[in-house]
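Q: Below is one structure. I have some questions about it.
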Amino acid sequence: MKITLEKIARIVGGRVVGDGGVVISGINSLEAAGPGELSFYTHKRYEKSLAKTKASALILSEKTELFKGPQVLVENPALGYAKAIALFSPPVPSYPGISDRAVIHETSRLGTNVSIYPHVYIGIEAIIGDGVILFPGVFVGDRVRIGDRSVIYPNVTIMHDTRIGKEVIIHAGSVIGSDGFGFVRDGARSVKIPQMGSVQIDDQVEIGANNCIDRATLGKTWIQEGVKTDNMVHVGHNVVIGADTIVVAQTGVSGSVEIGRQVIIGGQVGISDHIKIGDNAMIGSQSGVAKSIGPGEVVSGSPTMPHRLWLKTTRLIRRLPGLYQELRELEKRVKRLEKRDS
Amino acid sequence: MKITLEKIARIVGGRVVGDGGVVISGINSLEAAGPGELSFYTHKRYEKSLAKTKASALILSEKTELFKGPQVLVENPALGYAKAIALFSPPVPSYPGISDRAVIHETSRLGTNVSIYPHVYIGIEAIIGDGVILFPGVFVGDRVRIGDRSVIYPNVTIMHDTRIGKEVIIHAGSVIGSDGFGFVRDGARSVKIPQMGSVQIDDQVEIGANNCIDRATLGKTWIQEGVKTDNMVHVGHNVVIGADTIVVAQTGVSGSVEIGRQVIIGGQVGISDHIKIGDNAMIGSQSGVAKSIGPGEVVSGSPTMPHRLWLKTTRLIRRLPGLYQELRELEKRVKRLEKRDS
Amino acid sequence: MKITLEKIARIVGGRVVGDGGVVISGINSLEAAGPGELSFYTHKRYEKSLAKTKASALILSEKTELFKGPQVLVENPALGYAKAIALFSPPVPSYPGISDRAVIHETSRLGTNVSIYPHVYIGIEAIIGDGVILFPGVFVGDRVRIGDRSVIYPNVTIMHDTRIGKEVIIHAGSVIGSDGFGFVRDGARSVKIPQMGSVQIDDQVEIGANNCIDRATLGKTWIQEGVKTDNMVHVGHNVVIGADTIVVAQTGVSGSVEIGRQVIIGGQVGISDHIKIGDNAMIGSQSGVAKSIGPGEVVSGSPTMPHRLWLKTTRLIRRLPGLYQELRELEKRVKRLEKRDS
């Protein structure tokens, strides 16, 4: 792909300072970019690399004197970069058509232009949309629906009755629709509560690798439009994750939790069952969320507290040895005073 | 399935108040249930839904005036519900017989009524019991034994010499019998300790999705009867988990840990190697267990402490900024006293 | 395998005390070893078992009177044991040749003596070295390279352009080369940053089960020679893990982290993005690493602090209820003094 900087500027919604006619044939980091390549500057932590880059052009937010070539100025350079890199990104590798080494139940329906790799299994009455790509080892259970242009990477398991929207991406090894963890004690034994519900994943959701999203006991576990999960995220039965929420790696969400829209949940967070988390809340990494969080609240810690308080307490915990020391000394001084008094 | 409420009451061991002749054709939550459906009331947090439900009958522990229809009274409504829902739950979807797209070594032995989906692999001298269901992508290593009526979901890996009991359920993506993490430092390098032991999983165990249960270095890693693990649980080499213990999602158990019977381990717990955990102990979510825990003990925190102490300390940690302030002020007052004295 | 103790001693670099001519036919733990078997004594926690063992010979560091048979004295008994057990360890179970149930793109190249199980998929222009074993369900993407004698266990996904060195072991269910978690907010929506980089795994690396190692945004994610990861480790995009570093189970490493050589990272650790960790550092289990760590530093806690300070603070946190009590009492005494004074 060869494209002028001017065209790139138009696509990313930016303004060229310098020669817009320069032809760009690739995109790379400041350090690795060479002649003909575009790069980007998003954070002053990269200033040293900026001064030394051999890129032919840059995307950034404000004109810099540290770079002599043409520059594309955009409001949000990270966003500009995301759009520019998409121009040079190869398409998802697809299989030409439907492999005869895939096993597809005769009652299922496939859209046009699907790419079904070998070793795929598609069950009874499944419906696969147009342009869907199913990689090797994908299991599609009975009555599953997958919307147009969704991509399911290798060895993903999609259990029966799951509904997946359009342009959804599910990375390798993830499990959608496994049984929720529901047991009732009967004396010593644990009696299984059959998990009769399902999972619904809406349009433009992206699920990381090796996630587990459990089916509902009754009703549905629901991942709404535009949600993005990182690797190894656990989502329990009957959870709702609101639109455009982001969940970082290795976080676990217990059963029946309701998470709002545009929430940001850090890595390795644990959320107790039946909790509600309001829209736009932010939860710091490794937090333990044991009670509900209001809209826009920013919390950290295990158990969680307001993020600012958490910052204070973590600083003070480090000073605990000194605090005990001070208390000891103060005690001595009081004793001395008491003695004098007596 | 259509069944009278009276029959359901007999199955769940309850007593009908009202018309036992009403015919039930399904089961659902209080909110979603409609005419002909049974629902259940297990916790007063659902009282609002109770008053508004359109269910035709209810399972609960005490007669309520908030619901006008017939009621089945049981001691433990959650257990009654689990038993009732099982009546309406469809069977695990099975493949009719043995797919010719499965690869089964000629020396292995299959029981009667097995369901072997396409893309299954069964190795040398494996023994598969009656009524076993193996979903697509299941790998059964050499000499593995799987007991009657066990269900192994898609893309599960069962490495060589693993023994699995009867009526075991293993959810998708789990790995049983991977090598334990055993290395010895030889200068800078890590020398692998070959992992020659195996894994034994007893009857009625249920393993969640994407678990990893490592084989023993020597001897066996042993998951005893009735144990239930949630998703993404890690079990190291030579671990023993006692009968009817419950392990919630994303918990990690290091090598050679011995866990007793009917223990409850919360989510995201970490347990150090060579620890012993007594029968009926309870370990709070996100705990870090670095020393052994006696029978019946209830602990939380990282490192763990008695749960009640942990509750106190977590409250006090939030008050640390105030504590430092108080200490400062007390110090000033002492100073003032000292000055007056001098 | 039958071998004299003398020969074993030579292989493990030890010295026989007693009869070196005794023939050894197996290796086992102190408790389980029987006649003809070798065992080993590595830690005084096993002293009771030492006195009772029925093994025919022992590997240990110093001659013991508690065992009457011949003894092999080595400097590091754990290392001696690792070497001795390797003598009796069966080879990795391999498929004889290339299964016709594997799907291998015609443009890929396979070395000699490869073992390609059924249900393997190998993409366009992949290069597989001599003696490589690919278990069922392994996906090898386009242009992937796998070095000689590497073993890839069942249901592992290796996405396109990944490079894997020689004698690498990847346990079941792991995902190599999934997209890094890169999104830019555009109003409420998250715009995906295409992940165009790749993953490089050097020689003699061992990756546990159900790991996720993401490809780089640009450039490469790089796991250097001799690194060992336990189960369910998450490695973000553009991470570098230095040679011979050890990462214990369920640890998560965020994007662009640089980890030095011979670092030891405990289980369930979380490391924030763009952090640097120096050579030979040690990070305690469940730590939260939010800032860089120098070479040789030993840290624990979330957020991390020097390990010794962390030990102190964790002890003091347990005493917080008493501390508050003392402060209360001291306050009363000061009040009393103030009253007397006035």
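Every number in this text was worked out from the coordinates using simple rules, so none of it is lab data. Not measured: the values here are computed from a predicted model. Neighbour counts are summed over all protein chains in view; Cβ atoms, including those assigned to glycine, are modelled from backbone coordinates with ideal geometry.
Q: Along the Cα→Cβ direction, 7 angstrom out, place labels at B:Lys54 and C:Glu338. What is the inter-label distance in nm?
A: 6.7 nm
Q: Please report the relative contact order for chain B, taking Cα pairs under 8 Å with a sequence separation of at least 6, and give it as a percent rounded to a whole number.
A: Contact order relative to length: 6 percent.
Q: With a ≥ b ≥ c taken as the square roots of the eigenvalues of the C-alpha gyration tensor of chain C, please select rounded if a/c is under 1.5 and otherwise prolate if a/b is larger than b/c or oblate if it is not?
A: On the way: a/c = 2.98, a/b = 1.14, b/c = 2.62.
It is oblate, given that a/c is not under 1.5 and a/b is not larger than b/c.
Q: Could I ask something else about it? If the elastic network links every pair of Cα atoms under 10 Å, which of A:Asn28, A:Asn238, A:Asn113 fluctuates the most in the Gaussian network model of chain A?
A: Between A:Asn28, A:Asn238, A:Asn113, it is A:Asn28 that shows the largest mean-square fluctuation.
Q: Percent of Cα-Cα pairs more than 15 Å apart in the range C:3-88, please.
A: Result: 47 percent of Cα pairs exceed 15 Å.
Q: Using 19 Å as the cut-off for backbone N distance, which residues of the range A:1-22 belong to the label zone defined by a point 7 Å from the Cα of A:Glu65 along Cα→Cβ?
A: A:17-18
Q: The range C:206-329: Rg/Rh from Cα coordinates, Kirkwood Rh?
A: 1.10
Q: Another one. Using Cα springs under 10 Å in a Gaussian network model of chain B, which residue among B:Pro90, B:Pro194, B:Pro118 shows the largest mean-square fluctuation?
A: B:Pro90
Q: Shortest first, in nm, what separates the label point of B:Pro91 from those of the same position in the other copies (7 Å along Cα→Cβ)?
A: Listed shortest first, these distances are 4.4, 4.4 nm.
Q: Something else now. For chain B, what does the helix formula give at 222 nm: sum of -39500 (n - 2.57) over DSSP H segments with n ≥ 4, over the residue count, nearest 500 deg cm²/dmol?
A: -5500 deg cm²/dmol
Q: Then there is this: Add +1 for every Lys or Arg and -1 for every Asp or Glu among the other residues with Cβ under 15 Å from the Cβ of C:Lys7, and state the total. Let's see the in-between values first.
A: Values: positive: C:Lys2, C:Arg10, C:Arg15, C:Lys83; negative: C:Glu6, C:Asp19.
Around C:Lys7, the surrounding residues sum to +2.
Q: Now for a different question. With a 10 Å cut-off between alpha carbons and a GNM built on chain B, which of B:Thr112, B:Thr251, B:Thr64 moves the most?
A: Evaluated over chain B, the most mobile residue of the options is B:Thr64.
Q: Still on this structure, please answer the following. At what distance in angstrom do the alpha carbon centres of the range A:221-245 and the range A:264-300 lie from each other?
A: Answer, in whole Å: 13.
Q: Shifting gears a bit: Is any residue of the range B:39-71 close enough, with backbone N under 15 Å, to a label point placed 7 angstrom from the Cα of B:Asp19 along the Cα-Cβ axis, and if so, which?
A: B:55-58, B:68-71
Q: What do you get for Rg/Rh over the range A:125-226 if you use C-alpha atoms and the Kirkwood form of Rh? Could you put the intermediate results ahead of the total?
A: Values: Rg = 14.3 Å, Rh = 13.7 Å.
That ratio is 1.04, to two decimals.
Q: Let me ask something additional. If one computes P(r) from the Cα atoms of the range B:103-305, what percent of pairs lie at distances over 20 Å?
A: 53 percent
Q: Between C:Gly13 and the same site in the other copies, what are the distances in nm, shortest first, taking label points 7 Å from Cα along the C-beta direction?
A: Values, ascending and in nm: 6.3, 6.3.
Q: Moving to a separate point now. Would you mind listing the distances between the C:Glu62 label point and the same position in each other copy? Use 7 Å along Cα-to-C-beta, nm, one decimal, shortest first.
A: 6.8, 6.8
Q: Answer rounded, prolate or oblate for the range C:1-41, using the Cα gyration tensor with square roots of eigenvalues a ≥ b ≥ c: rounded when a/c is under 1.5, else prolate when a/b is larger than b/c, else oblate.
A: prolate
Q: Using only the Cα atoms of the range C:1-160, what semi-axes does the equivalent ellipsoid have when each is the square root of 5 times a gyration tensor eigenvalue? Give whole Å, largest first.
A: Values: eigenvalues 395, 40, 36 Å².
Output for the range C:1-160: semi-axes of 44, 14, 13 Å.
Q: How far is it, in nm, from the label point at C:Glu75 to the one at B:Ala86 when both lie 7 Å from their Cα along the line to the Cβ?
A: Distance between the two pseudo-spin positions: 6.1 nm.
Q: So how compact is the protein assembly as shown: Cα radius of gyration and Dmax in angstrom?
A: 30.5, 99
Q: May I pose another question? For C:Lys291 and C:Lys44, what does the FRET efficiency come to when R0 = 35 Å and r is the distance between their Cβ atoms, rounded to the nearest 0.05? Mind showing how you got there, number by number?
A: Values: r = 38 Å, r/R0 = 1.10.
E(calc), rounded to 0.05, equals 0.35.
Q: Next question. Give the distance, in whole Å, between the Cα centre of the range A:137-190 and the Cα centre of the range B:148-165.
A: Measuring centre to centre over Cα atoms gives 19 Å.
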